[in-house]
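Beneath this line is the structure, given in structure tokens, with notes to follow.
Taken together, the values in this text are just the output of simple stated rules run on the coordinates, not laboratory data. Just so it is clear, the model here is predicted, and its values are computed rather than measured. Don't worry about glycine lacking a Cβ; one is built from the backbone with ideal geometry, like all the others, and counts go over all protein chains shown.
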Amino acid sequence: MAGKLKKLEIGLIPVNAWGRNVREVVSQQIWEDLRWQFGASRYSLNPTDRSRDSLVCETCGEEKRGDLHLHELWEFDDQRLAQKLVGFMAVCEDCHNAIHFGRAIKVGLGEDAIEQLVKVNKWTDKQILSHIEKAAKLWKKREGLNYELDLTWLQEQELVPENKIHLAWLNKPRKVYDRIGAISWAQQILSNPDVVILDTETTGLMEGPMANPNAEVVELAITSISGRTLHNSRFKPRYSIPQRTTEIHGITNQAVKKSPKFSQEFSEILQKITGKIVICYNARFDEKVIANTCKLHELDPPEDVMWECAMKVYKAYQAPNPWFSKLPNAKHSALSDCKATLKLIKSMSKNEDIPP
């Protein structure tokens, strides 16, 4: 057991503070690094760090073979209306369930949460009831209050520099499951100035029977959510464009013979997308092919980007389905497809019928 155990208490987060946390405003890489530093992960992203055989929950003290939850510790200042980060602690599934008691009740694990609180704290029935009532009373008092997020502790502890914290990402729309959700998503995206649209044309696919391990970007465009062109370039790839790919987007090796290399414009591209919510039609593909292009050109891939997929939203808008849906009005040109994506978002925001 490492160090003194921390208190296991119910932490009912005010409704207006749901989803407003560290994990939502930093890159996945930074979050995974924090998980490692605070003992919630067995494996580090740094290959020189030795993996851990087991981890210790900081509230119950039990050793676990699997990863733990990295729980964020907050202080709520009800006078200043500030939600201040004051630390982290690594906790097991059972303790995490007890802390988030409200969620545990919703998913049918309320009794399990109570059992864990009693077990760890050695509370009587009277003590557990008193604790639940106190937590509920405090939650009700804070209901409806809007707290400002205070993450200065991350800089004070020299954990995350200020320029790596992106509060604009808190305005990312919620996950979409149906047509109504898609309409709301589109309306929210169109009103957010921190959104850009990105599209690429490439030398091949990243997955499937036609996958090309050397697939890279040969054309990339970025527009603002208002439709203004922020970047539009073609690049000379490290490897030649296969004929079957040229037949799709029409870009020949001759056409990009005198184009700049991706590495020559990468810093400019980064300036346009860093800290932004980046909308792509099939974002998973664009994110992966950009990362692969960076690898081929010995560049670090973009980290501080919040990727959002317009295709997933469009599929929910039509009718939830697991299949690939083509972008309406796509022309296999990066800039024109950015514009087609924007047109699709506008149509969904108005609940318009969209021809397939």
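Rounded to the nearest 500, the 222 nm mean residue ellipticity of the chain from helices alone is -11000 deg cm²/dmol, with -39,500 (n - 2.57) taken per DSSP H run of at least 4 residues. Among the trypsin sites (Lys or Arg not before Pro) found in region 1-94, those both in a DSSP coil and sparsely packed, with 11 or fewer other Cβ atoms within 10 Å of their Cβ, are K4, K7, R50, R65, R80.
Over the Cα atoms of region 64-111, the radius of gyration divided by the Kirkwood radius equals 1.08; this is the Rg/Rh ratio. Considering only beta bridges that DSSP places wholly inside region 169-349, some 60 percent are antiparallel.
Computed over all pairs of different Cα atoms, the Kirkwood value for the hydrodynamic radius of region 200-356 is 16.2 Å.
Per-residue Karplus couplings for region 303-316, computed as 6.51 cos²θ - 1.76 cosθ + 1.60 with θ equal to phi - 60°, are listed in order as 10, 8, 9, 9, 7, 10, 9, 6, 5, 4, 5, 4, 5, 5 Hz, Gly and Pro entered as x. The angle between the Cα long axis of helix 262-273 and the longest principal axis of the Cα atoms of the chain comes to about 50 degrees, rounded to the nearest 10. Considering only I189, I222, I132, the Gaussian network model of the chain with Cα springs below 10 Å gives its largest mean-square fluctuation to I132. Between the amide H of D199 and those of A221, distances stay under 5 Å, these residues lying 5 or more places away or on another chain, with hydrogens modeled in the peptide plane. Phi angles of region 222-228 translate, via the Karplus equation with coefficients 6.51, -1.76, 1.60 and θ = phi - 60°, into HN-Hα couplings of 9, 10, 6, 6, 8, x, 6 Hz per residue; Gly and Pro are given as x.
Residue by residue, region 131-140 carries 3J(HN,Hα) couplings of 5, 5, 4, 5, 5, 5, 5, 5, 4, 5 Hz when phi is fed to the Karplus relation 6.51 cos²θ - 1.76 cosθ + 1.60 (θ = phi - 60°); x denotes Gly or Pro. Residues considered: E148, E247, E216. Largest GNM mean-square fluctuation over the chain, using C-alpha springs under 10 Å, is found at E247. Relative to the longest principal axis of the Cα atoms of the chain, helix 110-121 runs at roughly 60 degrees.
Given +1 at the Cβ of Lys and Arg, -1 at the Cβ of Asp and Glu and no other charges, the dipole of the chain around its Cα centre is 800 debye to the nearest 20.
What separates the Cα centres of region 181-197 and region 70-136 is a distance of 34 Å. Largest GNM mean-square fluctuation among V278, V256, V25, using the chain with Cα springs under 10 Å: V256. Against the chain, whose longest principal axis is taken from its Cα atoms, helix 28-37 shows a tilt of about 30°. A DSSP coil position with no more than 15 other Cβ atoms inside 10 Å describes the following GluC sites (Glu not before Pro) in region 58-91: E62. Which one is right for this structure if Kirkwood radius over Cα pairs in Å is calculated from it: (i) 22.5; (ii) 23.2; (iii) 20.6? From the options (i) 22.5; (ii) 23.2; (iii) 20.6, the structure gives (ii).
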